[in-house]
Every structure is written in C-alpha cells, then in structure tokens.
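Every number in this text was worked out from the coordinates using simple rules, so none of it is lab data. What you are looking at is a predicted structure, and each value in this text was computed from that prediction instead of being measured. Positions of Cβ are backbone-derived with ideal geometry, glycine not excepted, and every protein chain shown enters the neighbour counts.
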Amino acid sequence: MAARRLFSTCSLVFREFLVSKPGMFAKVIDGKAIGAAVRREVREEIQQLVSAGHRAPCLTFVRVGQDEASKSYVSGKSKAAREAGIKDQTIVKDEDITQEELLALIDNLNKDDEVDGMLVQLPLPPHIDEKTIVNAVHPSKDVDGFNVLNIGRFSSGSPYLLPATPAGVIEILKRCNFDTFGRHVCMVGRSKNIGFPLLTLLHSDGTGDATVTICHRYTPPEHLPICTKMADFVIVATGIPNLITKDMIKPGAVVIDIGINRIKDKDGKTQLVGDCDFEGISQVARAITPVPGGVGPMTVAMLLQNTLTAWKKKLSKQ
Ligand code: BQF
C-alpha cells in the first residue's frame, strides 16, 4: 500500500534523486540525497517533540574488538545520530569479552529507561553467538531489527522495527517512484540480515506485492542470468564484485546494488565496489544505485528512523 500511496505526491519529489550522467543511459539513484532527506525529516520530528517538552531520544552503540570497518561504521552512525538530535553513547568492549558479560551489559541497557534504542555492531568475535546476542536486545529497543520477534513481525505482515538496509532499499524504491506492484523482482543473495528480509518485504501483501525470484550460492551459474533477465528489478547482495553484468539485465530494468567490497585497484589503492558492473549496466538499465553513495547512506538513515520510532512508542506509553 505504502508504495502506491506515494504516487499521489508531487512528481518533483522524486526527480531530484535520479541523476543523469553524460554518456550514460541509466539514471544514477542518489542514495546520499535520499538518505539526507530521511535524516532531515527525522531531525525535524525530533525537534518538534523536544520543543513540546520531551527529553531527547538516546541511542546506544555496543562495539566489540578492533575491527576497522566496524569502528568506522559505528562512528559514522553515531555522528549521523547526533546531527539528527539523538543523544548517542558508544560502549567499546575488548575482543575477549565473554558472551555472559556481553549479555549482562545488554540486560543493563534493556533496563535503562534513558536508553531508547541500542545496537550491537556486527560481526562479533567467533566465540560469541550472534543470534543469542541480537535476541537479547529487547524488541522495543532493537533498532537494528534483528531480534527474532521483530523478524517475525514483518514476516507475518505486521512490520515494526525493520532491518535498516532492507528498509533503506524499500525507501529508495518509494522515493524514486519505482512501483514493484505486480512486477518481477530478482533478489540475488539470501542472507539473514539483508536478502531474506528484503525478499520477504518485496513480495508481501501491501508492501512490495512483487513476484520474487530468489537466487543464491546454490543457484546453478547458468540459471542466474535467466532469472535476472526476467526481472524488472534486480537487487543484489552477495559480496561478489562484478557478479552481475550488462548481459544479465533486461533493458530498462532497475538495479539496486547492496554489495560493499573493498578491492585493490591496479595502483594498489583500496577501492569500494558493489556486486554489479556499474559502467556496463549503466548502458542498459533504467536506473542503478552507485557504490558508494547508493544503499549505504540509506542504511544509516533508516537506523535513525528506527530510533525515532522506538522513542515515540516509549513516549506514547508514558
Ligand atoms: C556509502 C555494514 C557490512 C557489515 C556490517 C555509506 C555506510 C556504508 C556505505 C555505512 C554497513 C554498511 C554498516 C556508505 C553501515 C552500511 O556511501 O556507500 C554508509 O555506514 N553502513 C554497518 O553499520 O555495519 C555493516 C556492512
């Protein structure tokens, strides 16, 4: 329903997010601009409620160990939170923290009335079971949307706190006016935190209403292009650079690239690329998300929106 309801809004709203580039057939989807719009709306809503006398929302990050990517993700997300008017706190624990100690920390944060949302940055060290940890986060504070109760909610048609990356992709489609109703979507990748929630939302009654084909590591390589070529929307989250090429895309299809791969270019410099051959696909697709600047900024924006949702729910109960 949500996707169709947006058709009534002004057409100028979405054009600014689709950028033409010289020599390219496809429009580039400006995820950074869409994310900025979401973040601005979150900030304005928080400002209004704070002006009305409510205390500011508070988001707590828990980070374990010294993983460089995790450090930079958490610092980026906490900066975005502050800019939106969310109070943030980052708790850093040593690599050798036990699962019991981490569970005790989460339990304290669950009981802390000042904490509206929390997330434990993934991945965790191998001696800690990620499922046990994410399920220990109280569902009402689970702004990552990874708790099994929140997964059950959207899986059974009552979405509450959605995982941020899937929610970000749905938001891109909405704000660019790309309606998946009755269309064919090929989801390449079936991970617990991205592929699965996204394919679920995309076929759900009232959300995506699409026919969804799921391809994954056991899809025979010769079948993958057959599935992708049928699709009006190809959404890729595999972690394999250049998996999807121009010959696999139906002319005029929309391509959403969720991959974030660090590769060394020919000068030995580290470069960020997605799972799609961006240049090639740009010659045939109607629109494509870049990496960086596509889905990534939406993940951050939707985390802030989840924090707003969790905070408002708490305010309404007081
Ligand atoms: C961009 C993430 C894998 C594992 C854990 C902007 C982000 C990334 C890219 C970002 C991600 C990926 C995050 C861009 C958060 C997305 O401009 O393309 C922002 O900060 N992300 C995370 O917190 O944990 C991860 C990917």
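Convex hull of alpha carbon positions in the stretch 73-142: directionally averaged projected area 4.8 nm². Taking square-rooted eigenvalues a ≥ b ≥ c of the alpha carbon gyration tensor, is the stretch 199-317 rounded, prolate or oblate, where a/c under 1.5 means rounded and, failing that, a/b exceeding b/c means prolate? It comes out oblate by the Cα gyration axes. Here the residues S70, S51, ranked from fewest to most Cβ neighbours within 10 Å of their Cβ, fall in the order S51, S70. I need the shape label for the stretch 155-217. Rule: rounded when a/c is under 1.5, else prolate if a/b > b/c, else oblate, with a, b, c from the alpha carbon gyration tensor. It comes out rounded by the Cα gyration axes. For the chain, take the longest principal axis of its alpha carbons; what is the angle in degrees between that and the long axis of helix 164-175, to the nearest 10 within 0 to 90? So the helix axis and the longest Cα principal axis differ by about 50 degrees. For the stretch 194-200, backbone phi angles converted through the Karplus equation (6.51, -1.76, 1.60; θ = phi - 60°) give residue-by-residue couplings of 10, x, 4, x, 5, 5, 5 Hz, Gly and Pro being listed as x. A crude spin-label estimate for the pair D113 and S51, with each label 7 Å from Cα along the Cβ direction, gives 2.8 nm.
Exposed loop sites, defined as trypsin sites (Lys or Arg not before Pro) outside DSSP H, G, I, E and B with at most 12 other Cβ atoms within 10 Å, are absent from the longest region of the chain, namely 56-216. Largest first and in whole Å, the equivalent-ellipsoid semi-axes of the stretch 1-160 read 33, 20, 18, each the square root of five times a Cα gyration tensor eigenvalue. Quick one: helix 31-51 against the long Cα principal axis of the chain, what's the angle to the nearest 10°, folded into 0 to 90? For helix 31-51, the angle is close to 30 degrees.
Positive-end ranking of T270, M24, A84 along the dipole of the chain, with charges on Cβ about the Cα centre, is headed by M24.
Computed from the C-beta positions of K71 and S20 and an R0 of 45 Å, the FRET efficiency is 0.80 to the nearest 0.05. Under a model in which nothing but the beta-carbon of Lys, Arg (+1) and Asp, Glu (-1) is charged, the stretch 172-318 shows a dipole of about 680 debye around its Cα centre.
Hey, with R₀ at 25 Å, roughly what FRET efficiency would N135 and D205 work out to, going by the Cβ-Cβ distance, to 0.05?
Efficiency, rounded to the nearest 0.05: 0.40.
The ratio of the alpha-carbon radius of gyration of the chain to the globular-protein estimate 2.2 N^0.38 Å is 1.00. A simple charge model with +1 on the Cβ of Lys and Arg, -1 on the Cβ of Asp and Glu and nothing else charged puts the dipole of the stretch 212-262 at about 100 debye relative to its Cα centre. Residues M230, M248, M187 in ascending order of nearby Cβ atoms (within 10 Å, fewest first): M230, M248, M187. Once you have a ≥ b ≥ c as the square roots of the Cα gyration tensor eigenvalues for the stretch 117-243, tell me rounded if a/c is under 1.5, and otherwise prolate or oblate according to whether a/b is larger than b/c. Note, shape of the stretch 117-243 comes out oblate. Quick check for me: using +1 on Lys/Arg Cβ and -1 on Asp/Glu Cβ, what's the dipole size of the chain about its Cα centre, in debye to the nearest 20? With only Lys, Arg, Asp and Glu charged at Cβ, the dipole is about 920 debye.
For the pair R82 and E100 in one chain, pulling the backbone fully straight at 0.36 nm per residue adds 3.4 nm over the alpha carbon distance.
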